[in-house]
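Report on the following structure.
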Amino acid sequence: MATTIIEPGEILPPGPETPFLRRAGRASVFGDRARRFMALAEGHAMADFLRFMGHLAEAQQRTLDAQGAPLLPGAEQIALCKAHGMPPLGTQTLRRDPSWREGLQRLLEQVESQANDATRAAMQRLAALPEAELEAFADRLLGGEYAGLDLAAAPLVGAALQVYWVRLAAAMEQADFPRPEVHTLCPACGSLPGASVVRIGAEQGLRYLHCALCASEWNMVRVKCSHCESTRGIAYLGVEGGDEAVKAEACDACKSYLKILYMEKNPAVDAVADDLASLALDILMDEAGFLRSGPNLLLFPGAAAA
Ligand code: FE
Ligand code: FE
């Protein structure tokens, strides 16, 4: 494993005009991801899995295109969250409207023909669930309670919830989002980041954490643990001879890690697709004694890759 140690202070924090929150563009977020999955699948040992995820992301984009704005929190609720620096679309407080289940239905219909036998069986189990049980499934997934969950079906529910939360975040006003009190959770929905991205262009060299659920990205200075905020003992680990655009940012203080993607090395990197295409790095990190600090809602620990 190749290691680089960087000391805090080497990379300056952003200026005052830097956007602290970048919401996902609803016109292309999943379409771009689908193209990235398909590109990563070429010649990859897990090509079939990545290609299926590409089809799922295409279906997410089509579902997003077909659905309008969901029911938003009331103005009073939004103002209250803003006053307390709380995420207005918090997964634990927001009452989901039924359109997320309609979105799930649309996803299942679109990807059924591409699914393998195990995934198709999982789809049938989901389709047979009564509404209340499907809502309970979503609650547990969003709460990170994976024990006993149908892990083969969970990525499909995760994909539908991603579409719903991107719709929510896109329908809000930028001014509705408070600058967060807590920097380790999404300022829009309160979820954990699934990876982080060092950007190019207007935000050249700045690092943004990428929400595993609503795909919003929020700024955090570099060389800082995205889990415990320690700035000491941060190391960047990669697979020997592997993709230079994907590293694991590992923290010696809390023994956790999260992937970090460098657009400078490859401008097409995607926080979800590149994460799933680099499972070899997760295995190395596990062997080195580090625990992953954030989820990828399209793959759950313990579930076999399709
Ligand atoms: Fe979020
Ligand atoms: Fe840490």
With the requirement that a residue be closer than 21 Å to Ala188 by Cα and assigned to a helix (DSSP H, G or I), what does the stretch 66-100 give you?
Ala75, Glu76, Gln77, Ile78, Ala79, Leu80, Cys81, Lys82, Ala83, His84, Ser99, Trp100
Out of Asp139, Asp150, sole residue that is out of contact with any His (no Cβ under 7 Å at 6 or more places or on another chain), in a loop (DSSP other than H, G, I, E, B) and among the acidic types (Asp, Glu)
Asp150
Output for the stretch 166-195, where each listed residue is part of a helix (DSSP H, G or I), buried (at least 23 other Cβ atoms within 10 Å of the Cβ) and in contact with a Pro (Cβ under 9 Å, 6 or more places away or on another chain)
Leu168
Of Gln110, Gln124, the only residue that is part of a helix (DSSP H, G or I), in the same structural domain as Arg62 (by TED's automatic domain parsing), modelled with pLDDT of 95 or more and exposed (fewer than 15 other Cβ atoms within 10 Å of the Cβ) is Gln124
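If the requirement is being modelled with pLDDT under 95, outside the structural domain of Val157 (by TED's automatic domain parsing), within 19 Å of Leu284 (Cα to Cα) and more than 16 Å from ligand 1 (Cβ to nearest atom), which of these qualifies: Glu240, Glu249?
So the residue among Glu240, Glu249 that is modelled with pLDDT under 95, outside the structural domain of Val157 (by TED's automatic domain parsing), within 19 Å of Leu284 (Cα to Cα) and more than 16 Å from ligand 1 (Cβ to nearest atom) is Glu240.
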With respect to Arg62, is the statement that it is part of a helix (DSSP H, G or I), modelled with pLDDT of 95 or more, over 28 Å from Ala188 (Cα atoms) and of a type in the set (Lys, Arg) true?
no
Within the stretch 252-269, can one find any residue that is of a type in the set (A, V, I, L, M), touching a residue at least 60 places away in the same chain (Cβ under 8 Å), closer than 17 Å to Cys186 by Cβ and within 16 Å of ligand 1 (Cβ to nearest atom)?
yes
When both residues are 6+ apart or on different chains and their Cβ atoms are under 8 Å apart, which pairs have a first residue that lies in the stretch 120-132 and is touching a residue at least 24 places away in the same chain (Cβ under 8 Å), and a second that is small (Gly, Ala, Ser) and assigned to a loop (DSSP other than H, G, I, E, B)?
Ala121/Ala152; Ala122/Ala152; Ala122/Ala153; Met123/Ala115; Met123/Ala153; Arg125/Ala153; Leu126/Ala153
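The values are calculated or read from the model by the stated rules, or taken from the named source; none is laboratory data. Everything quoted here is computed from the prediction, not taken from an experiment. Heads up, the Cβs are rebuilt from the backbone with ideal geometry, glycines too, and the neighbour counts pull from every protein chain shown.
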